[in-house]
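The values are calculated or read from the model by the stated rules, or taken from the named source; none is laboratory data. Nothing here was measured: the structure is a model prediction, and the numbers come from that model. Neighbour counts are summed over all protein chains in view; Cβ atoms, including those assigned to glycine, are modelled from backbone coordinates with ideal geometry.
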Amino acid sequence: MILRGSEGRLRAGWRLGLFVLAFLTLLLALNQLAEWLGAPWLTGAWPERWVFLVPLAAAGIASWFMMEGVEGKPLAALGLPVDRLLPSSFGRGALLGISLMGLVVLVMVVSGALSWAREPAVAGRAVGAILELSAFLAVAAFAEELLLRGYPLQVIAEALGGPASVLLTAVVFAGLHALNPHVSPLALVNIALAGILLGAALWRTMSLWFVTGVHFGWNWVMGVAADLPVSGVDDAVPGFSLDTPGIEAVLSGSSSLTGGSFGPEASWVVTAVTLAGIAWVLTRRRRGPALRVLALRPPAARRSPRRHRVREAS
């Protein structure tokens, strides 16, 4: 069995398998360590939603190991440069995610399918709860992006090309939500489309910070601004309360418009908006920051130099 390619490296499939093995091993080890140390997110002293810190750490360490130890490249080559552009990259991505999901919420409001009722809340506690919920959504988004559209997408693109890497990671992205509460076939289709949007955004910007921002902004509008379920998770799910203090979302009308208990991602409105978002992203050109990441020669750039020609935006 041939494990190495013509350049002496492990073939892409084996490197992807090594990443998955490293991630799962680290995930198990870190969970065991956290339990042994009595980590508050596992013992109940903190909300259970902070368990995303463990997969984030496992994905981060596995990514660093594969890039530094196996690829001989800096972690920045995955689209994670730590520089002065980091906040603006994340912010611009968040703005796109907020705009897209904000449009969905606007359609629901204008159609009469969504309104809000006031509920009692203590101002200081409400601010703290909103900040905590926002932090959770940011951690969850980064963990999922690093796990799917970080090293795995790069290696799949090296072997099969960019479009295949986007499609395959989008399918896995949907699969990870298949057991969420109240999931439906349309919800899985929409989450796969969201995965395509995120994958396309990565190829246009070469910034995992930007893509994490899109993911965060998308979920933040649902879970914080609109007090709606995020992928089936809401205040009715034990340990994962996403309730925004002070407001209560009131849904009416067809679930095909509102998404029902799963949230907007199970509605046809999200289908239309996500398709429009994909079309918009695909019309964008790569700019200077993307070219600087490509200059680090990430794994996907090895497939064929001719397939990665880029032009500076005029």
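Values for this structure:
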| item | result |
| --- | --- |
| Sole residue being over 19 Å from the mean Cα position of the chain (by Cα) and at positive phi, chosen from Gly69, Gly112 | Gly112 |
| Filter result for the condition that a residue is farther than 30 Å from Trp14 by Cα and of a type in the set (Phe, Trp, Tyr), over Phe173, Phe136 | Phe136 |
| Out of Trp203, Trp209, sole residue that is on the phi < 0 side of the Ramachandran plot and at pLDDT 95 or above | Trp209 |
| Given (1) more than 25 Å from Leu75 (Cα to Cα); (2) of a type in the set (Gly, Ala, Ser); (3) buried (at least 19 other Cβ atoms within 10 Å of the Cβ), index of the condition Gly213 fails | (1) |
| Some residue of the stretch 127-141 being more than 22 Å from the chain's Cα centre (by Cα) and surrounded by fewer than 17 Cβ atoms within 10 Å (Cβ to Cβ) | yes |
| Output for the stretch 154-194, where each listed residue is surrounded by fewer than 18 Cβ atoms within 10 Å (Cβ to Cβ), in contact (Cβ under 8 Å) with a residue 40 or more places away in the chain, within 23 Å of Leu282 (Cβ to Cβ) and not hydrophobic (A, V, I, L, M, F, W, C) | Gly161 |
| Yes/no for Leu148 being under 13 Å from the mean Cα position of the chain (by Cα), modelled with pLDDT under 95 and at negative phi | no |
| Any hit, the stretch 45-62, residues being among the aromatic types (Phe, Trp, Tyr), closer than 21 Å to Ala29 by Cβ, modelled with pLDDT under 95 and in a helix (DSSP H, G or I) | yes |
| Residue among Ala157, Ala126, Ala135 that alone is within 30 Å of Pro299 (Cβ to Cβ) and either aliphatic (A, V, I, L, M) or in a helix (DSSP H, G or I) (or both) | Ala157 |
| Residues of the stretch 69-111 satisfying the condition of being assigned to a loop (DSSP other than H, G, I, E, B) and without any contact (Cβ under 8 Å) to a residue 24 or more places away in the chain | Gly72, Val82, Asp83, Arg84 |
| Checking Ala279 against (1) modelled with pLDDT of 95 or more; (2) in contact with a helix residue (DSSP H, G or I) (Cβ under 6 Å, 6 or more places away or on another chain); (3) farther than 14 Å from Leu133 by Cα, the condition it does not meet | (2) |
